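Novice: Below is one structure. I have some questions about it.
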Amino acid sequence: MSAMLGFVEGNGIGAIVQCGHYSGYSTLMLGWALRRMGFKRGLFSMDINAKMTDFTRRWVQKAGLEEYVHCEISDSSERKAALSAYEYLEGPPQMVFVDSSHQYAHTLAELKLWSAELEPGGLIFLHDVGEMSVKYDTTGQGGVLRAVEEFGGACLINRKEEWQVYQDGNGLGILQVGG
């Protein structure tokens, strides 16, 4: 989260799609950054879990971020989600944060969809690209790591289970879409 927030605030990124918010920690962090920068309607966040989306919405409201963040129940690999995001953001996203199903096929579908939807030069951040996180793929097909490796072009940080300067054993992937 810290690396991603550095990119967002350091580059004035004000149009973000979040694929998977679960209980909303990262949603709130991104929302506060957008509020500090003055980017209303800056975060379109989606998750397939209705209960957790309601939970996240309540926290967004308590934090006073309704002008900056929209939470929706949606599958982040479907074209319909991209159309909704485009409408809410009033244009293409500059950045996409993928932290949703952790399933290989779903992540690959997200990468294909969102890389085509991003503003040229836009960024895709992926959580859980490390070898340690492969176990989160309940289908046993290789998870986010396999999807990112097959898609290609991403910088993977902490791919192995070794602690380095960036201390997130689950790993971080960053992909910049051509422009």
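The values are calculated or read from the model by the stated rules, or taken from the named source; none is laboratory data. Keep in mind that what you see is a predicted model, and the values were worked out from it rather than measured. Note that we place each Cβ from the backbone using ideal geometry, even for glycine, and neighbour counts take in every protein chain shown. In case anyone asks, the SASA skips ligands and DNA or RNA and just uses the protein heavy atoms, side chains included. Shrake-Rupley method; radii C 1.70, N 1.55, O 1.52, S 1.80 Å.
Novice: Can you find, among ALA85, TRP59, LEU172, the residue sitting farthest towards the positive end of the charge dipole of the chain, where Lys and Arg contribute +1 and Asp and Glu -1 at Cβ?
Specialist: The residue sitting most towards the positive pole is TRP59.
Novice: Using the Cα centre as the reference, give the magnitude of the dipole from point charges on the C-beta atoms of the chain (Lys, Arg: +1; Asp, Glu: -1; all else neutral), rounded to the nearest 20 debye.
Specialist: Taking the Cα centre of the chain as origin, the dipole is about 360 debye.
Novice: So if R0 is 41 Å, what FRET efficiency would GLU87 and ALA3 give, r being the distance between their Cβ atoms, rounded to the nearest 0.05?
Specialist: 0.90
Novice: Here is a follow-up. Can you give me the % of accessible surface on the chain that is carbon or sulfur? Probe 1.4 Å, all protein chains present, nothing else counted.
Specialist: Exposed carbon and sulfur together represent 53 percent of the surface.
Novice: Enter the accessible area per residue of the chain (Å², integer; probe 1.4 Å; all protein chains in place).
Specialist: Using a 1.4 Å probe on heavy atoms only, each residue of the chain averages 47 Å².
Novice: Can you give me the distance in nm between label points at ILE157 and ARG79, each placed 7 Å from the Cα along the Cα-to-Cβ direction?
Specialist: The two pseudo-label positions are separated by 3.5 nm.
Novice: Kindly identify the chain as rounded, prolate or oblate by the Cα gyration tensor criterion: order the square roots of the eigenvalues as a ≥ b ≥ c, call it rounded if a/c is under 1.5, otherwise compare a/b with b/c, prolate if a/b is larger, else oblate.
Specialist: Rounded.
Novice: Counting only pairs 8 or more residues apart or on different chains, how many lysine pairs in the chain have their Cα atoms under 21 Å apart?
Specialist: The result is 5.
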